[in-house]
Amino acid sequence: MKIVSPFPDANFSEHVAVSFDGQTHFLPKGTNLAAALLSAGITVFRNTPVSGAARAPYCMMGACFECLVEIDGVVRQACMMEVSEGLDIQHPQGRNSDDADL
Amino acid sequence: MRTFDLAVIGAGPAGMAAAVTAAKHGLTVALLDEQQRPGGQIYRDVDKASPERTEVLGRDYTHGRSLTTALRSASVDHIQGAVVWAIEDGFRISFTRDGAASQIGAEKILLATGALERPMPIPGWTLPGVMTAGAGQILLKQSGMIPEKAVLVGSGPLLYLLAAQMVRVGVPPLALVETQSWSDFKTASRNLFGALRGWRYLSKGLGLHSEILKARIPRYTGATDIAIEGTTNAEAVAFTAQGKRITLPCETALLHHGVVPNTQAARSLGARHLWDARQHCFSPELDGWGASSVQNLFIAGDSAGIGGAKAAEIAGQLAALKIAAECGKLAQDELERTAAPLKRARESELAARPFIDTAYPPYRPSLLPADETIICRCEEVTAGEIRRYATLGCLGPNQTKAFGRPGMGPCQGRYCGLTVTALLADANGTTPDETGHYRIRPPLKPVTLGELAAMGTQSDKVAK
Ligand SMILES: Cc1cc2nc3c(=O)[nH]c(=O)nc-3n(C[C@H](O)[C@H](O)[C@H](O)COP(=O)(O)OP(=O)(O)OC[C@H]3O[C@@H](n4cnc5c(N)ncnc54)[C@H](O)[C@@H]3O)c2cc1C
Ligand code: FES
């Protein structure tokens, strides 16, 4: 899957360093995190706790939870976050990570 | 805990219009939305979009600025980036914002939580590279991005809108694989007379079709046996059309066959819902003002039944007027007088709906998928497993939990609820109403212990 940005304005914003599974990516600050990761060529965000199948954003509106990633030990929806400097993102691990804590 | 006369959940057209109207009539109003900026789905990030982007998205999109502008100058506590995860009787609303949970109180609640895209379970729909058409549109509105080498699959106005927008940005889809057929259109034309009153929709639809035609995008209609092929990513869309098996290589597949009301919050409060046979979904039972079966709980916009953005805006205003009257801020005769033109406008907005609903019906095989198809994405439960539960005596969605884990993953049944109801109803020979829907309990969205821990210190500080 390849995401392109056909608008010139998207390229103007400042790019900041974000790490995904230990690899550094420079992403436009303030853009939607899931969109920015997809456009950086990341196609798999997580693996399901049941069969380990690869998953990636599906709805982009906070409803499907396919974009779950782990940031600072907390599992969050990448499609509901914005890119900020220094995000340290990991593949979520195990079943507990995708259940609600409550 | 701060308490408001009215709390509106959702800052799309319905919620924005309602909040502004209620504030104008002197109510104290809180408006909560999990998005960082107002707009909802249709007007997502409308205030942020560059001129190049708004040109692509069109006038129907920039109309949203009239609502966001009115909202900014109204006396409304707009709590942005607030994920509402519990609403308790009375009402007490719990939400998370910036990593901390808080609460507010409200005498009345208006749910304007909008729609979700109808789940489209087909083989391969869980592969990375498969998204909803709405997701494609969100990428465009919010981030100015669009997937390349995409095939659009399904039916309905939103599919054509996205195709036309992709043409306008110079990244056209590889093909349109449409599931509706000529016979659907013929059935729908019985509703054409009514639809003529909603001519704006029809002429807009024709305009989109001609844009797609001019761009020479390959189109296939009446597609069946659709599957997404690929090992770790979507690599092709395979389907049968006009008796031929066709495989279109692609990198992205964007699925869509209509939208359905997002009923999570209303269900968690116990509002009664009924099956809507024409729209193939559950909608809350409401009076003409949007009042639900739960006292002081109102619902407006697409979460009340699919009617589109303009109808949502009007419904928000109507509900707010009624709420203002119930709070003693508007006399009965004034309520009726102000509401009359709005009710007429809503009627003509909804006039094209029966035509649209029948011309672009859902893709049947996704309503009752084949046994091997995954229907619960979170827990990877197949349609066959749900059918097996039925043979073991499972009558309703809530009982499935005794057999397996469908609906128990993080999405809490948002994308399998309707399919589970349909499969059980079909297997047991019952109606969707008899079969029912998942019971929804808070939290509506996952909350972490860290967020809760921060609650004590934060709950009185509802920042603007
Ligand atoms: C992805 C998508 C794209 C669409 N695009 C178009 C389009 O381009 N043109 C068109 O005519 N129609 C479009 N529609 C149809 C759309 O439903 C209506 O046109 C219109 O947006 C409905 O307005 P609304 O006010 O009812 O709800 P919405 O505009 O959907 O607004 C609902 C709001 O509620 C918020 N919300 C929901 N649950 C919670 C919660 N628990 N906590 C906090 N906030 C919450 C959401 O963040 C959202 O902002 C789209 C629908 C979807 C699902
Ligand atoms: S992509 Fe669906 S919740 Fe983020």
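No lab work stands behind these numbers, since they all come straight from the coordinates. Owing to the predicted nature of the structure, the values given are computational and were not obtained by experimental measurement. Heads up, the Cβs are rebuilt from the backbone with ideal geometry, glycines too, and the neighbour counts pull from every protein chain shown.
Just a few scattered comments:
- The relative contact order of chain A, computed from alpha carbon pairs under 8 Å that lie at least 6 residues apart in sequence, is 30 percent.
- By other beta-carbon atoms within 10 Å, ranking B:349, B:372 with the fewest at the front produces B:372, B:349.
- Note on chain B: antiparallel DSSP beta bridges, both residues inside, total approximately 50 percent of the bridges counted.
- Ranking of B:353, B:388 by neighbouring Cβ atoms within 10 Å, starting from the fewest: B:388, B:353.
- For segment A:1-68, chymotrypsin sites (Phe, Trp or Tyr not before Pro) meeting the loop criterion (DSSP other than H, G, I, E, B) and having at most 13 other Cβ atoms within 10 Å: A:12.
- For segment B:310-464, the relative contact order is 16 percent, taking Cα pairs closer than 8 Å that sit 6 or more residues apart in sequence and dividing their mean separation by the residue count.
- For the protein assembly as shown, the alpha carbon positions stretch 64, 59, 57 Å along the principal axes, listed from largest to smallest.
- Label-point separation, residue B:332 to residue B:348 (7 Å along Cα→Cβ), nm: 3.0 nm
- All other residues whose Cβ lies under 11 angstrom from that of residue B:112 are scored, Lys and Arg at +1 and Asp and Glu at -1, for a net of -3.
- Unpartnered cysteines - no second Cys beta carbon under 4.7 Å - across chain B: B:250, B:281, B:327, B:378, B:394, B:411
- Per-pair calculated FRET efficiency, R0 = 30 Å: residue B:48 and residue B:200 via Cβ, rounded to 0.05: 0.65
- Other residues whose C-beta falls under 12 angstrom from the C-beta of residue B:233 contribute a net charge of 0, scoring Lys and Arg +1 and Asp and Glu -1.
- Rg/Rh for segment B:368-435 (Cα atoms only, Rh after Kirkwood) is 0.91.
- Within the protein assembly as shown, DSSP assigns beta bridges of which about 55% are antiparallel (rounded to the nearest 5).
- In terms of distances greater than 19 angstrom between alpha carbons, the cross-link table entries B:24/B:141; A:29/B:141; B:204/B:310; A:2/B:141 yield B:24/B:141.
- Normalised by the number of residues in chain B, the mean separation of alpha-carbon contacts (under 8 Å, six or more apart) gives a relative contact order of 20 percent.
- Here the simple spin-label model places points 7 Å from the Cα toward Cβ, and for residue B:62 and residue B:295 these points are separated by 4.9 nm.
- For the pair residue B:246 and residue B:428 in one chain, pulling the backbone fully straight at 0.36 nm per residue adds 62.0 nm over the alpha carbon distance.
- The GNM of chain A, with springs linking C-alpha atoms under 10 angstrom apart, assigns the highest mean-square fluctuation among A:37, A:27, A:87 to A:87.
- Mean projected area (nm²) of the alpha-carbon convex hull when segment B:106-189 is viewed from all directions: 9.0 nm²
- Counted over segment B:1-105, the DSSP beta bridges are approximately 50% antiparallel.
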